[in-house]
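Here the structure comes first, spelled out in structure tokens, and everything after it is commentary.
The values are calculated or read from the model by the stated rules, or taken from the named source; none is laboratory data. A quick note: this is a predicted structure, and the numbers were derived from the prediction, not measured. Positions of Cβ are backbone-derived with ideal geometry, glycine not excepted, and every protein chain shown enters the neighbour counts. For the accessible areas, the whole protein counts, side chains as well, though only heavy atoms, and no ligand, DNA or RNA atoms are used. Shrake-Rupley method; radii C 1.70, N 1.55, O 1.52, S 1.80 Å.
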Amino acid sequence: MEKVYETVVTKLGANVPDFYQEKMLILFKDNAPQELLDYCVLHNLNSLYDDIKEGDILKINEKEFKITAVGDLVNKNLRDLGHICIKFDGNKIAELPGSLYVEDRDIPNINIGDSIIVER
């Protein structure tokens, strides 16, 4: 498989687990605005090798999720800010431009040091 994106979790906001029931994770590079820190999965490595596309595979510590839709700003926001929202609801239409949609499955518990990778 070809690696499209990779990062490693460096910090977790206190409220990240609250979003599991909402089927959502918010990724932000470690320069996130102060008011968002409690809600974000933070990282400092932000390697986007190619544009993320529908059909690619998101891996969180080897758990795989098929990407079902990609918002128009996902790739730009990752490049510029290291920031996207990942929605685990299986939507096939990207309702929000900065959101990445993956198959409807439970979000694995995220921990510091976990890898987040997109492959095709």
Among (1) 12.7, 37; (2) 18.9, 65; (3) 16.4, 53, the entry that matches Rg and Dmax of the Cα atoms in Å as calculated here: (1)
Length added when fully stretched, GLU64-ASP104, from 0.36 nm per residue minus Cα-Cα: 13.2 nm
Projected label distance in nm at LEU37 and ASP80, using a 7 Å step from Cα toward the beta-carbon: 2.4 nm
Average Cα contact separation per residue, the chain, under 8 Å, 6 or more apart, as relative contact order %: 35 percent
Within-14-Å neighbourhood charge of ASP51 [Cβ basis; K, R +1; D, E -1]: -2
Residue-wise HN-Hα coupling along the range 51-63, computed from phi with Karplus coefficients 6.51, -1.76, 1.60 (Hz; x: Gly, Pro): 5, 6, 10, 4, x, 5, 10, 8, 10, 10, 6, 6, 7
Heavy-atom accessible area per residue - the chain, 1.4 Å, Å²: 52 Å²
With DNA, RNA and ligands ignored, accessible area of ASP56 (1.4 Å probe; Å², nearest 10): 10 Å²
Qualifying aspartates and glutamates (Cα of each under 20 Å from Cα of LYS3; at least 8 residues distant if same chain): ASP50, ASP51, GLU54, ASP56, GLU62, GLU64, ASP80, GLU103, ASP114, GLU119
Restricting the range 1-63 to chymotrypsin sites (Phe, Trp or Tyr not before Pro) in coil, as DSSP defines it, with at most 15 other Cβ within 10 Å: TYR20, TYR49
Integer Hz, Karplus 6.51/-1.76/1.60 couplings in order for the range 28-34, x for Gly and Pro: 8, 4, 5, 9, 4, x, 3
Relative contact order of the range 36-94, pairs being alpha-carbon contacts under 8 Å that are 6 or more residues apart, as %: 30 percent
The range 8-79 and the range 96-120: distance between their alpha carbon centers, rounded to Å: 6 Å
Computed label-point distance, nm, for sites ASP18 and GLU54 using a 7 Å Cα→Cβ extension: 3.3 nm
